[in-house]
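What follows is a short report on a single structure.
The values are calculated or read from the model by the stated rules, or taken from the named source; none is laboratory data. The model shown is predicted, which means the values in this text are computed figures rather than measured ones. Cβ placement follows ideal geometry from the backbone for every residue including glycine, while neighbour counts extend to all protein chains displayed.
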Amino acid sequence: MSELPIRAVSPDVCVAAQLTPDAMAELARAGFRSVINNRPDFEHGPDQPTNAAIEAAARAAGLEYRFLPVSGGYQSPQEIAAFAALLGELPRPILAFCRSGARSARLFAAASAI
């Protein structure tokens, strides 16, 4: 999976920078079972893939998919709790992504501390 910018934050949770719909089949082949999109639609402009396009590709690849868009600068206690709930309900391994992977990693760290 050298083409995908994936970083492990635990044995069964990874984070990544922005992914495209085409990456969903590759994630499924790599053994991931769930994807969490933490990036709001059009955060970086109209060229960013939309949640709907990524979700359709993820589901077509057999992945569970959730959209939890959060700001890059601040994640609220409610957003952290929602991320923790997703970690508890989704089949693992899970991949969470955002623009660079940093906010997904922060969400994981904060949710793990709950």
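Within the stretch 14-35, restricting attention to residues that are in contact with a helix residue (DSSP H, G or I) (Cβ under 6 Å, 6 or more places away or on another chain) and not in a loop (DSSP other than H, G, I, E, B), the residue that is farthest from Ala96 (Cα to Cα) is Met24.
In the set Gly31, Gly88, Gly73, only one residue is on the phi > 0 side of the Ramachandran plot and surrounded by fewer than 18 Cβ atoms within 10 Å (Cβ to Cβ); that residue is Gly31. The set of residues from the stretch 60-83 being within 21 Å of Ile6 (Cβ to Cβ), in a helix (DSSP H, G or I) and within 14 Å of the chain's Cα centre (by Cα) comprises just one member, Phe83.
Checked against (1) free of Cβ contacts under 8 Å to residues at least 40 places away in the same chain; (2) part of a helix (DSSP H, G or I); (3) within 21 Å of Glu26 (Cβ to Cβ), Ala105 passes all but condition (1).
Just one of the listed residues (Arg39, Arg66, Arg106) is modelled with pLDDT of 95 or more, under 17 Å from Pro11 (Cα atoms), surrounded by 17 or more Cβ atoms within 10 Å (Cβ to Cβ) and among the basic types (Lys, Arg), namely Arg106.
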